[in-house]
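Contents: one structure, followed by commentary.
The values are calculated or read from the model by the stated rules, or taken from the named source; none is laboratory data. Quantities reported herein were computed from a predicted structural model and do not represent experimental measurements. Here the Cβ positions follow ideal geometry from the backbone for every residue, glycine too, while neighbour counts run over all protein chains shown. Calculation scope for accessible area: heavy atoms of the full protein, side chains included, ligands and nucleic acids excluded. Shrake-Rupley method; radii C 1.70, N 1.55, O 1.52, S 1.80 Å.
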Amino acid sequence: MSELHITVNIDEYLALNKFDVDEETAHIELVENPDMTEFLKLVRVCPAGLYRISEDGKTSFDYAGCLECGTCRIACRDTIIQKWIYPSSTKGIEYRYG
């Protein structure tokens, strides 16, 4: 039996998606001054890479590229995720496959 090797570039697939961001209402909000240990969880688990820590230690988050997978909600709902809801109708991500 021969081995099948498939390489997938997730960035190429994510680039196909269409986002209609609700600029007025964030569907994810964090608590003020989030605990760094909890924030690091989000840096590690978010498949869209929305949670970041700069070289000088500052945290940043941008919900605009959210895949709406709920991973952050599951990982940190009771700690630093203050609000997590799906975007309003017609807003958010529209998955597209090539």
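Tabulated data for the structure shown
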{"quantity": "Any hit, region 63-76, residues being open to solvent by 80 Å² or more (accessible area, probe 1.4 Å), at pLDDT 95 or above and not small (Gly, Ala, Ser)", "calculated": "yes"}
{"quantity": "Complete set of residues in region 77-90 that are touching a residue at least 60 places away in the same chain (Cβ under 8 Å) and open to solvent by less than 70 Å² (accessible area, probe 1.4 Å)", "calculated": "PRO87, SER88"}
{"quantity": "Count of residues meeting criterion [in a loop (DSSP other than H, G, I, E, B) and among the β-branched types (Val, Ile, Thr)] in region 75-98", "calculated": "4"}
{"quantity": "Qualifying residue in region 4-12 (condition: in contact with a helix residue (DSSP H, G or I) (Cβ under 7 Å, 6 or more places away or on another chain) and either of a type in the set (Val, Ile, Thr) or free of Cβ contacts under 8 Å to residues at least 24 places away in the same chain (or both))", "calculated": "no"}
{"quantity": "Residue that is surrounded by the fewest Cβ atoms within 10 Å (Cβ to Cβ), among those in region 41-62 that are closer than 23 Å to THR25 by Cα and without any contact (Cβ under 8 Å) to a residue 24 or more places away in the chain", "calculated": "SER60"}
{"quantity": "Residue within region 14-23 that is within 25 Å of TYR97 (Cα to Cα), in contact (Cβ under 8 Å) with a residue 60 or more places away in the chain, open to solvent by less than 70 Å² (accessible area, probe 1.4 Å) and of a type in the set (S, T, N, Q) present", "calculated": "yes"}
{"quantity": "Hits in region 30-40 (condition: open to solvent by less than 50 Å² (accessible area, probe 1.4 Å) and either modelled with pLDDT under 95 or not charged (D, E, K, R) (or both))", "calculated": "LEU30, VAL31, PRO34, PHE39"}
{"quantity": "Test result for VAL8, open to solvent by 40 Å² or more (accessible area, probe 1.4 Å), hydrophobic (A, V, I, L, M, F, W, C), on the phi < 0 side of the Ramachandran plot and modelled with pLDDT of 95 or more", "calculated": "no"}
